[in-house]
Amino acid sequence: MKNILVAGGAGFIGSNFVVYMLNKYPNYHLVVYDKLTYAGNLDNLLEVSDEPRYHFVKGDIGDAAAVEAAVRDYNVDTIVNFAAETHVDRSITNPDAFIQTNVYGTYVLLEAARRLGLERVNQVSTDEVYGHVPHGASSVETDPLAPRSPYAASKASGDLMALAFYTTYGLPVTITRGANNVGPYQYPEKAVPLFATNAIDHQPLPVYGDGRQMRDYQWVGDHCAAIDVVLHQGKMGEVYNVGTGQAMENLAMIEILLKALERPASLVRHVKDRPGHDRRYSLNVDKIKALGWEPRYTLVEAITMTAHWYRDNEWWWRKIKSGDYQVYYQAQYGERLREAAGEVME
Ligand code: NAD
Ligand code: TYD
């Protein structure tokens, strides 16, 4: 493995992964292949923009000819697929792009890898494919998939297609299913960066429902290290869960954020819940740990470090929040926040 095509490498986790791999492997080339949707951002890759082993190709993973050209041009031997529509709330209002990219686009990458005889594909997936997990239980890789949002269903479809390519064609495929990531360069639509940037600006934090839903908020660098381990040691055709194995309620996550940013709890607003909101995700991570991987950071450390990164990097997020983002924010939260303030009477 020397030339890795990182689909979606201009997004949050993909860009962290590219920097991690360039630093760790002095002879690897990393080719970012990215459509640059609203979530793709070349600012995420500024620190490697002068690195000769980093290459950027603008393209859609649904465009078979463009994918094939990038693979040939850079003599790619491995694909890691981060490219996706990733926000559950957007999948509820408009699922179409989720099907195009997460289902059809994944298929196009698998087919290119098969036709061109690549060494390996890792499909980056999510704990959300298992659906809601009751207290006391945690998901193992062989559990049946039970996705409940259009986002989760589209990711589950990508997983199943990847496994089908392994079984049917012998395509060398692995799948990593990560828990929620936090850290630098996450688009401020996801809960942690949304709450952090709102808190910095003394704006309300819109908490869905009672705020007692549970998530495993892992440090993005730990997730990247796990994908690296799977790329080098993972068994073909296998799935690996990636997370700390711990989970906390959203209200606890908010308490940590507010403490790190020195903001009051009075910023919290309970707003109308997300439809179909999964109450709890929880991963059993024994299988990836058996490959020698361990998370470096706890949830408290990861959330605190993330809060401090947003506090110290306004250059990155202020320009995002001032553009089309405002239209999204109003549509998603305007009425919810007015309702929470008692301004909308039923
Ligand atoms: P992100 O939304 O920050 O980035 C997605 C990237 O994919 C963007 O750069 C975007 O431009 C690109 N992209 C979208 N559609 C594309 C297309 N058709 N062709 C080419 N590029 C396209 O996402 P993220 O949070 O970095 O997530 C990366 C992957 O990890 C996704 O597959 C996601 O499902 C998975 N995942 C994310 C989390 C999380 O907490 N963020 C947790 C587990 C798994
Ligand atoms: P999110 O970051 O969207 O990730 P997930 O894909 O796990 O839903 O949300 C994390 C948790 O925070 C989830 O339980 C939903 C909740 N949430 C809010 O309470 N308010 C918000 O504005 C957002 C975006 C999320």
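Partners of Lys289 within straight-line reach, counting lysines whose Cα lies under 21 Å from its Cα and excluding those fewer than 8 residues away in the same chain: Lys24, Lys235.
Sketch the reach of a paramagnetic label on Glu47 as a point 7 Å from Cα along Cα-to-Cβ, and name the residues of segment 205-242 whose backbone nitrogen lies under 13 Å away. Within reach of a label on Glu47, which here means backbone N under 13 Å from a point 7 Å along Cα→Cβ, segment 205-242 contributes 220-222. Under 17 Å of direct C-alpha separation, and excluding same-chain neighbours fewer than eight residues apart, Lys319 reaches these aspartates and glutamates: Asp43, Glu189, Asp201. Calculated accessible area for segment 27-177 comes out at 42 Å² per residue, all protein chains present (probe 1.4 Å; ligands, DNA, RNA ignored).
Of all the options His232, His132, His87, the one that moves most in a Gaussian network model of the chain with Cα springs shorter than 10 angstrom is His232. Mean separation of Cα pairs under 8 Å and 6 or more residues apart, divided by the residue count, gives segment 1-140 a relative contact order of 26 percent.
Cross-link partners for Lys259 among the lysines, with Cα-Cα distance under 21 Å and sequence neighbours closer than 8 places in the same chain left out: Lys190. Sorting Met214, Met253 by accessible area puts them as Met214, Met253; the probe is 1.4 Å, largest comes first, and only protein heavy atoms count. Peptides 76-85, 17-26, 51-60, 219-228 ranked from most to least packed, by the mean per-residue count of other Cβ atoms within 10 Å: 76-85, 219-228, 17-26, 51-60.
Of the solvent-accessible surface of the chain, computed with a 1.4 Å probe over protein heavy atoms with every protein chain present, carbon and sulfur atoms account for 51 percent. Note on the chain: antiparallel DSSP beta bridges, both residues inside, total approximately 5 percent of the bridges counted. Note on Lys235 and Gln330: the model spin-label points, each 7 Å out from Cα along the C-beta direction, lie 5.5 nm apart.
Annotation: per residue accessible area for segment 209-346 equals 48 Å², rounded to a whole number [probe 1.4 Å, protein chains only]. Is the shape of segment 42-126 best called rounded, prolate or oblate, per the rule: a/c under 1.5 gives rounded, else a/b larger than b/c gives prolate, else oblate, with a ≥ b ≥ c the square roots of the Cα gyration tensor eigenvalues? Oblate is the answer for segment 42-126, as a/c is 1.5 or above yet b/c matches or exceeds a/b. Fully extending the segment from Ala164 to Ala65, taken as 0.36 nm per residue of separation minus the present Cα-Cα distance, adds 33.4 nm. Rounded, prolate or oblate: which one fits segment 1-92, using the alpha carbon gyration tensor with axes a ≥ b ≥ c (rounded when a/c is under 1.5, else prolate when a/b beats b/c, else oblate)? Because a/c hits 1.5 or more and a/b fails to exceed b/c, segment 1-92 counts as oblate.
Shape verdict for segment 30-73, please, from the Cα gyration tensor: rounded (a/c under 1.5), prolate (a/b greater than b/c) or oblate. Working shown, then result.
Values: a/c = 4.27, a/b = 1.32, b/c = 3.24.
Taking the square roots of the gyration eigenvalues as a ≥ b ≥ c, segment 30-73 is oblate.
Report the calculated FRET efficiency for Arg212 and Lys321 (r = Cβ-Cβ distance, R0 = 25 Å), to the nearest 0.05. Kindly include the intermediate steps, with their values, before the conclusion.
Numbers: r = 28 Å, r/R0 = 1.10.
Result of the calculation: an efficiency of 0.35.
Across the chain, the relative contact order, built from alpha-carbon pairs under 8 Å that are at least six residues apart, equals 17 percent.
The values are calculated or read from the model by the stated rules, or taken from the named source; none is laboratory data. In this text, all values refer to a predicted model and were calculated from it rather than measured experimentally. Note: ideal-geometry Cβ built from the backbone for every residue, glycine included; neighbour counts use all protein chains shown. Ligands, DNA and RNA are excluded from the accessible area calculation, which covers all protein heavy atoms including side chains. Shrake-Rupley method; radii C 1.70, N 1.55, O 1.52, S 1.80 Å.
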